[in-house]
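As structure tokens, the structure follows; a few thoughts come after it.
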Amino acid sequence: MQLTDIDLGGLGAFLEEPAAFRIDTPYPPRPWDYVYANDRALLRVNHDGTGYFQLDPPCGPALFKMERLETAPPPFLVWIVTDWGNSACRAFTNFGLPVVPFAGPAAFAEYETVFAPDAARFTVCHDGLRVRTELCVAESFPGLVMGVAVCNTGRRPRTVRVVPAWRPHVAPFAQAPWDVPHWYQRCAVAKSPRPLITVEKGDPAGDPAQRLRAFFTTNLPCRHACVSEESFIGRGLPVAPESIGLPARGSWLPLASALPPGRYGAGNASIGTPPHAAFLGTLRLNAGQEKTFSVAAGFYPATADGSWPSSRPVSAAVKGFEPKGFERERGRTARRYRKLFGHRSINTPDAALNRYANEWLPLQLDWVCRLDRGWPSGMRGTRDAAQDFTGLVPLDPGAARARLLELFNVMRSDGWFPRQYSVAGREGPHDLRAYMDSGWWVWELLYEYLVHTRDFDVLAEPATYLDAEGTGSVLDHVCAMMRFALRAENQGEHGLLKIREGDWNDSVNGAGVLERGETVMASAQVVLALEQAGELLRYLADTGRVPKEALRQTRRTAGAFEAGAAAMAGALLTHARNRAGYFNGVFSDGGAWCFSPRDPDGRRRINTPANSFAVIAGLVDGAEREAVFEALDEIRTETGWLVFGPAIGAPPIAHLGRIGSGDLPAGMLENGASYNHGCHGFLGRACWVAGKGGMLYDTLRYLLPYDQEAHPVAAAKAAPYAVPNHWRNVPGSVGEAGATFLSGSISTGLRNVWHGLIGFRPGLHGLVIDPCIPRNWQALSATASYLGKRLDVRIENPDGNTCGVRHLELEGERFTPNARFRQGHRDVVSIPWERIAAVSGARGTLRVRL
């Protein structure tokens, strides 16, 4: 089935245009959103125009925003007023809602929202008018541009009042309760060749360099403006402001009262009160006539001395009003995403999966890397950033390298990484809760970067320490983080890594605060990291990348890491694997194993992340590995696998933290729900390690949102193009999706497609090709870039296997499985990287037979 063939019950449809979706109703089950972003700015917009715009996420200021659960009206819109000057004002917005007067759900003659990578497009037909809107983030200045076309669909001429409006925030996205933005704000009509309103916000700390300035401008013919929320709303409501229906006096200031930018008076400004910027214009339309105009808003650049900046951003915005200006802005964005989508592609028997993996997953990965998981707090999650940029490595290695170095610069000198770190640098406020998993995700990012790029020079880059002066190389930092896991004070009584305040499952935040608790999942991660670090050190030594005088110590360190991995693997098998054949999840401060055959509340529980990483780390094989998968199948439900099951809370379990207290409802988030990353992402990874192609495919069906058998939109409620954080398992809302785009599921899902289904896995010594597919797939192909070559991978499966390459051909040279390159307890084919680099021309073909 094609994505475009999926029946969504009249709510919308996937389009042929890359990564585009059409919404056919103003009332989907929830607001359905999309993201527009570049290196400076991010717009997250819903189907109804609501959302927020932030500069330099996650710590930059917001041009506009909405509070949690606030639904209307959009903070950046155009009111279309069809009757005014009396008590019977009639109006609607260019996004449709809200409609004035309100008389129940609006029935539009035509309604459509189209989200595509270059722009959001809205069409509304109401009250004899068709209004078309295009909205995009500008590439030429830090702001956004909105183009609006109003058409008279009636048979008679008419005059329409048009009110572009902006409710400014122009302040840090998150701030202290006592920092009330409007106390420091001035909103004014300013002199300019075009209508212009400026907003200036002073800094509560008195630093002139931190002053914020923003602008609002239009090419709509107009003579009046409003700068105050009090004047704009008047005796009305935010969804029905009084001013839009009033004569052009009182609430409205004449544009002729404008003063130069940065000058304020009673006739042109609102000072110290909530601002609301709006222009008042009219369009005279003959029957069938359409007229267009544009609106733009953005930030001025900051100045070191706080003086008023140049008008360059406004000039760039005005250029966007020219006939081809909006096209230029959209075109720059479209080219950027065509390049992103062109890096790699798959062609499998599942046409819907092909398009989703080729377009929607790279798109959402780009978003989530810019969103920082959607928490505009001024801090960046170490785990989150590392996971997301690990998926980005093949698509944008430069960005991955920059994030990698940023992460190593906040490592503590003993090898520990903070849970979240300040984007302001090592001197900023950090989240220093003692979570024990962050470093292992950073290691995974580094390893993936090295094997994809072979940029071993990054290991010599200097990096600071969070708690000490001086620097060390990235390789020094790597050795410190590995030694952290091997120190006796960081291992518990079973020889496993202590959990302290948590591991990947944030809600297990009380299992180790007394320094006794241990984590099975992070211990399995440590096993894998130590083995890979040992392999890396030996590779560096064997390939002349280590000075002669350091060779012996390097190999000795490699041996210590490998021995440490073996010891922790043995401890996991001896103590964490239970008599039922699967792995417990956590040993708590209370001296009890949890997520075990018999938890302290008497229940049997199975933990998906812990058991998945036991398989990923290669701790079990054969019948022992099958016992793990049989246990995991016990917690498969209609929404997929659970992160663990059953949920905890009645009765509560002591010494686990919030997951055990009963405060987080059963079936919500990490408490017994299908927490997408932890169940489908990690389990999918375990599946391709174990060669379970059919099960890997099932995990992808559950991880991704569009399959209507796995996640019917009537139950999920979220947009069927949007990867969610979790699927609820709560009575009354089973299968409901939550927190779209804010998940490591996107990165892990994309990696499971490429590392798993296609089996395209670069390593230190070469490129492993090891497909893991459903038995009924007889052929598939993929195209990817590696070491400057464009590689076409063509896979044949005539015998209905799920994994196991018989042979592979590259330019007539045959390669067969080699015991030297065992992965997942099976021999795999590895093509030396030198052979890939020697491919004649820019393109090579790999013919693979299972």
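The values are calculated or read from the model by the stated rules, or taken from the named source; none is laboratory data. The shown structure was predicted, so the numbers you read here are calculated from the model rather than taken from an experiment. Here the Cβ positions follow ideal geometry from the backbone for every residue, glycine too, while neighbour counts run over all protein chains shown. Side chains are part of the model used for accessible areas, which takes the heavy atoms of the whole protein and leaves out ligands, DNA and RNA. Shrake-Rupley method; radii C 1.70, N 1.55, O 1.52, S 1.80 Å.
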Charge dipole (debye, nearest 20) of segment 344-488; +1 at Cβ of Lys and Arg, -1 at Cβ of Asp and Glu
220 debye
Where does helix 325-341 land angle-wise versus the long Cα axis of the chain, in degrees 0 to 90, nearest 10?
10 degrees
Debye, to nearest 20: dipole size of segment 1-132, +1 on Lys, Arg Cβ, -1 on Asp, Glu Cβ
360 debye
Phi angles of segment 596-601, converted by Karplus (6.51 cos²θ - 1.76 cosθ + 1.60, θ = phi - 60°) into ³J(HN,Hα) in whole Hz with x for Gly and Pro, give 9, x, 8, 6, x, 8
In units of 2.2 N^0.38 Å, the Cα radius of gyration of the chain is 1.01
Using Cα atoms only, what is the angle between the long axis of helix 438-453 and the major principal axis of the chain, expressed in degrees (0 to 90) to the nearest 10?
90 degrees
Projected-area mean, segment 2-147, by convex hull of Cα positions, square nanometres:
10.4 nm²
Would you mind working out the accessible area per residue for the chain, using a 1.4 Å probe, and quoting it in Å²?
36 Å²
As I understand it, the value is the acute angle between the Cα axis of helix 520-542 and the longest principal axis of the Cα atoms of the chain; what does it come to in degrees, rounded to 10?
80 degrees
Please report the carbon-and-sulfur percent of the accessible area for segment 103-209; probe 1.4 Å, protein heavy atoms only, DNA, RNA and ligands left out.
52 percent
Whole-Å distance linking the alpha carbon centroid of segment 212-260 with that of segment 672-732 is 48 Å
Step through the table entries K319/K789; K548/K789; K201/K319; K191/K291, compare each Cα-Cα distance with 29 Å, and write down the pairs that go over it.
K319/K789; K548/K789
Taking the square root of 5λ for each eigenvalue of the C-alpha gyration tensor of segment 623-757, the equivalent ellipsoid has semi-axes, largest first and in whole angstrom, of 23, 20, 12
Starting at the first residue of segment 640-656, write each ³J(HN,Hα) from the Karplus equation 6.51 cos²θ - 1.76 cosθ + 1.60 with θ = phi - 60°, in whole Hz, x for Gly and Pro.
x, 7, 8, 5, 7, x, x, 5, 10, x, 9, x, x, 10, 6, 6, 10
Listed by chain and number, the residues whose amide H is under 5 Å from that of L780, excluding neighbours fewer than 5 places away on the same chain and using placed H, are I795
Which of the chymotrypsin sites (Phe, Trp or Tyr not before Pro) across segment 85-137 are loop residues per DSSP, with 15 or fewer other Cβ within 10 Å?
F102
Carbon and sulfur together cover what percent of the accessible area of segment 680-746 at a 1.4 Å probe radius?
51 percent
Quick one: Karplus J couplings for segment 65-72, per residue in order, coefficients 6.51, -1.76, 1.60, θ = phi - 60°, nearest Hz, x for Gly and Pro?
7, 10, 6, 4, 6, 6, 10, 6
Dipole in debye (nearest 20) - the chain, about Cα centre, beta carbon charges: Lys, Arg +1; Asp, Glu -1:
2000 debye
Go through A560, A511, T574 and say which Cα lies farthest out towards the positive end of the charge dipole of segment 506-588; charges sit on Cβ, +1 for Lys and Arg, -1 for Asp and Glu.
A560
Scan segment 611-715 for trypsin sites (Lys or Arg not before Pro) in coil per DSSP, keeping those whose Cβ has at most 13 other Cβ atoms within 10 Å, and list them by number.
none
At most 13 other Cβ within 10 Å, DSSP loop - GluC sites (Glu not before Pro), segment 68-120
E70
Using +1 at the Cβ of each Lys and Arg and -1 at the Cβ of each Asp and Glu in the chain, identify which of F821, T82, T25 lies farthest towards the dipole's positive end.
T82
Give me the net charge of A317's neighbourhood, meaning all other residues with Cβ under 13 Å from the Cβ of A317; Lys, Arg count +1, Asp, Glu -1.
+1
Can you list residues whose amide H is under 5 Å from G657's amide H, if they're 5+ apart or on another chain and H is modeled 1.01 Å from N?
G510
How large a share of the accessible area of segment 305-353, in percent, is made up of carbon and sulfur atoms when the probe is 1.4 Å and the other protein chains stay in place?
50 percent
Between segment 1-79 and segment 115-164, what is the C-alpha centre distance in whole Å?
16 Å
Excluding P394 itself, calculate the net charge of residues whose Cβ lies under 10 Å from the Cβ of P394, where each Lys or Arg counts +1 and each Asp or Glu counts -1.
0
Answer with one residue from L750, I659, A715: the one whose Cα lies farthest towards the positive end of the charge dipole of segment 639-756, charges on Cβ with Lys, Arg +1 and Asp, Glu -1.
L750
Which cross-chain or sequence-distant (5 or more) residues have an amide H under 5 Å from the amide H of I499, H modelled 1.01 Å from N in plane?
G517, E518, T519
